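Engineer: Structure in structure tokens, see below.
The values are calculated or read from the model by the stated rules, or taken from the named source; none is laboratory data. Just so you know, these numbers come straight off a predicted model, no measurement behind them. Accessible surface areas use protein heavy atoms only, side chains included; no ligands, DNA or RNA. Shrake-Rupley method; radii C 1.70, N 1.55, O 1.52, S 1.80 Å.
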Amino acid sequence: MPAKSRPEMPVKTLTVKVVPNAKKESVIEEAGRLKIYVHAPALDGKANKAVIEILAKHLGVKKSKVRIVRGETSREKVVEILSLED
């Protein structure tokens, strides 16, 4: 008997540029990508965590639906957003 497979979830991929140590947290659309300003420093994944929180709030999705797929240690990141509601 074949194993049951989960249905594919619709995924949107975004390219973002992160500016850590910003005075004000914000999301700006710029040159076909998002530029995300975060208070958090680029230390120990703090800025990455902040990016996920800010982007989820900006897009109106749960934090668990947002993940960084490329660029963990770079200011240029590729982020996936799962757009299927629970």
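Engineer: With every protein chain kept in the model, how would you rank ARG67, ARG33 by accessible area, 1.4 Å probe, largest at the top?
Structural biologist: Of ARG67, ARG33, the descending order of accessible area is ARG67, ARG33.
Engineer: Roll a 1.4 Å probe over the protein chains and send me the accessible area per residue for the chain in Å².
Structural biologist: It amounts to 73 Å² per residue over the chain.
Engineer: Separate question: Between helix 46-59 and the chain, what is the angle of the helix's C-alpha long axis to the longest principal axis, kept within 0 to 90° and rounded to the nearest 10?
Structural biologist: For helix 46-59, the angle is close to 70 degrees.
Engineer: Next up: In whole Hz, what ³J(HN,Hα) sequence does segment 14-29 give by Karplus (6.51, -1.76, 1.60; θ = phi - 60°), x for Gly and Pro?
Structural biologist: 3J(HN,Hα) across segment 14-29, in whole Hz: 10, 9, 10, 10, 10, 10, x, 6, 7, 5, 10, 7, 7, 10, 10, 8.
Engineer: What accessible area, in Å² to the nearest ten, does a 1.4 Å probe give for LYS49?
Structural biologist: The accessible area comes out at roughly 130 Å².
Engineer: Based on the Kirkwood radius over alpha-carbon pairs, what value in µm²/s does the Stokes-Einstein equation return for the translational diffusion coefficient of the chain at 20 °C and 1.002 mPa s?
Structural biologist: 157
Engineer: If the cut-off is a Cα-Cα distance under 20 Å, which lysines reach LYS65, setting aside same-chain residues fewer than 8 apart in sequence?
Structural biologist: Answer for LYS65, where 20 Å is the Cα cut-off: LYS12, LYS17, LYS35, LYS46, LYS49, LYS57, LYS77, listed by chain and number.
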